[in-house]
1. Specify which residue in the list B:L113, B:F70, B:G123 is farthest towards the positive end of the charge dipole of the stretch B:55-143, using unit charges on the beta carbon of Lys, Arg (+1) and Asp, Glu (-1), about the Cα centre.
2. Where in the stretch B:96-171 are there chymotrypsin sites (Phe, Trp or Tyr not before Pro) that are in a DSSP coil and have at most 15 other Cβ atoms within 10 angstrom of their Cβ?
3. Looking at chain B, what % of its DSSP beta bridges pair antiparallel, to the nearest 5?
4. Which one of A:T208, B:P172, A:S426 is farthest out on the positive end of the charge dipole of the protein assembly as shown, using unit charges on Cβ (Lys, Arg +1; Asp, Glu -1) and the Cα centre as origin?
5. Using a 1.4 Å probe on the protein chains only, how many percent of the accessible area of the stretch B:55-143 belongs to carbon and sulfur?
6. Relative to the longest principal axis of the C-alpha atoms of chain B, give the angle of the C-alpha long axis of helix B:4-18, reported between 0 and 90° and rounded to the nearest 10°.
7. When chain A is modelled as a GNM with alpha-carbon springs shorter than 10 Å, which of A:W323, A:W45, A:W193 fluctuates the most?
8. Go through A:K159/A:K394; A:K321/A:K394; A:K81/A:K159; A:K43/A:K421; A:K159/B:K110 and tell me which ones have a Cα-Cα distance over 20 Å in this structure.
Amino acid sequence: MFTRIALLSLVVLCQVAWAQSETSGFSIRGVTDVGYANTSGAKSWLRGGSGKLRFDEDDNDELQLLDIGIAIDYAFDLQSKFTVVGHRYDGDFALTEAFWEYRPLNDGAWRGRYRVGAFHPSFSLENTGPLWTSPYTVKSSAINTWFGEEMRIIGAEGKWTWIRDPHNKSKHRFSLFGALYAYNDPMGAMISWRGWSVHDRQIGLNGTFSIRDLPILQIIDHSPDFEPFMEIDDRPGFYVGSEWTLERRFRLQLVHYDNLTDHTLRQAGQYGWRTRFSQIAFHWRMGNGYEVLGQFLAGNTLMAKDGLDNDFEAAYVMLVKSWGRHRLAVRWDVFRVVNQSLILYDDNFEEYGDEDYDYDDDDYEYNYENYDYNDELGNSQTVSYSYLFGDSWKLSLEATRIWSRQDSRMHFGQNPRLAEKQVLASVRYYF
Amino acid sequence: MNVRIPRLLLTMFLMSWSWTAAARVTVEVVSDGQPVQLHGAVVSFQPMDTERAPRRESHSVSMEQINRQFRPFILPVPVNTPVLFPNLDETAHHVYSFSKIRRFELPLYKGELPDPITFANPGVVPLGCNIHDWMIGYIVVVDSPYFMQIDGDRGTIETIPPGRYEVQVWHPALDGRESLRELVEITANHTKFRFDLEFPLLSVGQPPPPVQRFDERLDY
């Protein structure tokens, strides 16, 4: 507790010491978030449980330091800056981003933005707040929670926006963007072996995390710690996207992502995962403070030669109403993982087959001990009310329910079906 | 020839009289006979009788940035007038123009006032900000000391010497094919001119800055 107060004081002191400015040179900005969470359901995945949330019943009576996030910018001029972002979550430090950004003046009809380093890609319409927080809810959607965990562009990204008639600020804009990156080869492990999740904790570039002790991890000699940002096959991945915006009212985005990993390789206890997906997303500001956001993603991940083959899908729709300093956001998430090739493993991790398996038949007698079950189906509802006070404080009250059916829970003698609930109150300070 | 000399004499007489007796001229813009709101439109009067219009002393004018917008939206300036770009916001701006008249960029840090910019040739200079994408403003450079801006649906210039002028109206909402340019004779009793629009107005105005919440970052 004292540590937390000390850290908060440090942040405030930092702010005083580094008066924020936009002239060339250093500036500092950030977020601190303190709150209470009351959770019921299962032990959190962060504690090796089957729960999808960041907190569980053990945290119910404790004040949580949800986040201390600090971004340090060094501006070379108004077109070019270097940014480093770090977060402290639950006692762990996570360096989440470090990149150089260059936004040159082009000829007015089009403009470019370039980033080099490690950063979140340009395609979350939800996490548009400082330090990749969501301005709508405390916990991100299943899709963006996953992006915050397992995806980071460690490479170079360009975004080019074309304005039809710049002198009259045409209402229509078209953008193309894309990136080449490395160090994202193990991406896909989390949604396959833990499943989708709903929380607000990003994984650092240096970060590792452990999950449930699934039998397959021992069989294939996987490290108990997952390391999402590793280069295994020395081959870059890519993503490409396009966007159409109509003034600030409507934004439509298409993205295709493929890490092009050689999934037959492994290194230091981590496997290469070939993960690719396509995404469509929109953000519509309807007027009178009403907004609708939606994101739909579908993809596939492969791991090991003739090994794991999972299709995955997730989507959310969020309705937002803002009035004055109040905001209400209601989000509905759905997600699933479908085993395309159920692994029946033996000691050599070679044999697999799914001919006898009907995972939709509840009466089927599972011989689960020899299978790696990744099937998951779930949905989540979040209602979040927030209030801004002063120039930098935000109070959030958030209720979330997650229902999921995850066959792998049978390995631990648990019911595959699980309903989790969480009520969260948080006070955020932006500086 | 016999006829022309008295005319010339008469004209010279009128002109010498006109410099002392200035006219008051009103310009309005209509479409199908109905007055049109063209607030801020620049109306310039280019004298046709003299080689060069009398020069005014060119004191500087300002195109401010305030609340992440340009103020004024449209700024008329005579050629060679120094234009200052004071930044009254807490944030920095990066003002640019890619106009044919003059291309420039100005990094405008808070509390700094760079040297003014002058425009040697008449024309329209659209302004933008590389940081705040929605910001737009126009400097209209005129080669005449006689100009004014329309207020609502009409505008008035209080003192202009009678004579022949080329009157021109410019506003960003005017269709590109529209030509509001006319040769007129301003006399003591002909002081009202009307322009009829051929094309409908474009829906162009100064976009309001987006509502800034500290929990959101503007993606520009």
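The values are calculated or read from the model by the stated rules, or taken from the named source; none is laboratory data. Since the structure is predicted, the reported quantities are computational estimates derived from the model, not experimental observations. Don't worry about glycine lacking a Cβ; one is built from the backbone with ideal geometry, like all the others, and counts go over all protein chains shown. Keep in mind that these areas ignore ligands, DNA and RNA; they rest on the heavy atoms of the full protein, side chains included. Shrake-Rupley method; radii C 1.70, N 1.55, O 1.52, S 1.80 Å.
1. B:G123
2. The qualifying sites: there are none.
3. Within chain B, antiparallel bridges account for around 75 percent of the total.
4. B:P172
5. 48
6. With both axes taken from Cα atoms, the answer is about 50 degrees.
7. Of the options given, A:W323 has the highest mean-square fluctuation.
8. A:K159/A:K394; A:K159/B:K110
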